[in-house]
Amino acid sequence: MIRARPLHTSSFQLALLYAGLFTASILVLFALTYWTAADYAAKDEADEVDVEFTAIQDEAHLAGDTRLPQIIDNHLQQRSAEHAIYLLEDPEGHKLAGNIPSQPTWLGTRQIKVMLDGKMPDVRAHGYRLANGDFLLIGQDPRSLQQMKRLIVRAFSVNVVVTLLLAVLGGVIISNRALKRVDAVSRTTQAIVAGDLSRRIPSRGTDDEFDRLASSVNAMLDRIEDLMRSMRQVSNDIAHDLRTPLTRLRQRLERARERASSIEELREIVEGSITQVDTILETFGALLRIAQIEAGGRANALETIDVSSLLKSVVEDFSPAAEDRGQRIAADVAPHLQLSGDRELLTQMVANLLDNAIRHSPAGAEISVAAHAAESGVEIAVADTGPGVPLTERENVLRPFYRLESSRTTPGNGLGLNLVAAIAKQHHAHLSLSDNAPGLRVAVLFGGKAALEKAP
């Protein structure tokens, strides 16, 4: 058995696909978070600088412009931990206070490089012109903003790595679980191919997609096993039941070859042989019809059938044969009953039931054909007052070629009730055999969508 590798399974690849989509989502979220946080930090910094400038102006207004250098030095000491930069220049460009060298004057915001703690970072500086003409520059060391950006990048990087690792791990776990189920299916199918039709795919009882698949496949295997068992049984029955008529046919023909002394005797033997051949052909025809029905094939499309009319027609056709044997057929059929089905098959089903009742009932027997609307559909029943079928034999008589010992001398091939069972199954109907006290009652209940009742 070739074992699939977990990394090459569709479940693992699907897990990786979802991991890729989730990673892409994280990256998009990272970009939005990164730029939103950076923009917010820049605006917060600008607001803080504006607040600082307003505070310096207010202090200078109260203490006088001559106190501006001292005010700047005080603010530098207060914000030393924030690495703030200050520069105060007079109108001629001379430095009056601050912690950075003199700069060209400008108004607004600009990125400048200044020496801070032995480094030359890019500082976002804001230039202001004071009321007395002095130039004030206020800036913020970008290290805090950069640290925040690095923290965001680090957090999202860890998330991406963890997501991919969990995805790979989850994919391997899911793939291994799926492979175990697939291997169980593979082992079962290989055992079946080897000839063990009793093997079935195990189910865990979780009602997941694998359990549902196993249930469907097991139902299919049950059907295949039934068909194979039926085929073997039919093959054995054919070999057993057709051997006798073929042997008789051969003996009859040998007798004709060796002993026929006149044309009349030869004609008699040939006619008997033809009858024997017709019986064999009839048997094979019935077998072929049963095989076609059980395989799901239909000669005709489904149609809405007036069952009441169909039953009355079949009863009229068989009444003369029953009268010839001293029997009587009585019909008790409700009017306007309808079924959705195959007219030819339903006709053959009723004909087989009547033929079976006539053949196996003695002279004077009463045969009834009844059809009525039941709670769950339409029921068709054929009953007789013949010898009946013992309870222990009722399932057996539905098998092909099976005949009761008391019926061995009666003409027939043992396929009548088997054909009835096949037609009932084809129409999803329920077939039942019961005691008619005396005799046998065979009922076929058509339910669900197959049965319709139409009011007169």
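Where a number appears in this text, it was derived from the coordinates with a stated rule and is not lab data. Values in this document were obtained by computation on a predicted structure and should not be read as measured data. A quick note on method: Cβ atoms are made from the backbone with ideal geometry, for glycine too, and the neighbour counts reach across all protein chains shown.
Length gained on full extension, Thr23 to Val185, computed as 0.36 nm times the residue gap minus the Cα-Cα distance: 54.9 nm. Full extension of the segment from Gln251 to Leu130, taken as 0.36 nm per residue of separation minus the current Cα-Cα distance, would add 29.9 nm.
Modelled spin labels at Ser80 and Trp35, positioned 7 Å past Cα toward Cβ, are 4.1 nm from each other.
Distance between the modelled labels on Ser216 and Leu107, one decimal in nanometres: 7.8 nm (7 Å Cα→Cβ projection). 3J(HN,Hα) along the range 125-139, derived from phi through the Karplus expression 6.51 cos²θ - 1.76 cosθ + 1.60 where θ = phi - 60°, amounts to 10, 10, x, 9, 10, 7, 4, 7, x, 5, 9, 10, 10, 10, x Hz, with x in place of Gly and Pro. Taken one residue at a time, the phi angles of the range 423-429 give Karplus couplings (6.51, -1.76, 1.60, θ = phi - 60°) of 5, 4, 5, 4, 9, 6, 9 Hz. Gly and Pro are set to x. Loop-located trypsin sites (Lys or Arg not before Pro) in the range 130-197 (DSSP state not H, G, I, E or B) with no more than 14 neighbouring Cβ atoms inside 10 Å do not occur.
Applying 1/(1 + (r/R0)^6) with R0 = 35 Å to the Cβ-Cβ distance of Glu265 and Asp324 gives a FRET efficiency near 0.75.
Across the range 303-453, how large is the tail of the calculated P(r) beyond 28 Å, expressed as a percent of all Cα pairs?
Here the tail beyond 28 Å accounts for 14 percent of pairs.
Under 18 Å from a label point set 7 Å out along the Cα-to-Cβ vector of Leu302, the amide N atoms of the range 315-347 belong to 338-347.
A Förster radius of 22 Å, combined with the Cβ-Cβ distance separating Asp122 from Asn99, puts the computed FRET efficiency at roughly 0.85. Full extension of the chain between Leu151 and Arg223 gives 19.4 nm of extra length, using 0.36 nm per residue less the Cα-Cα distance.
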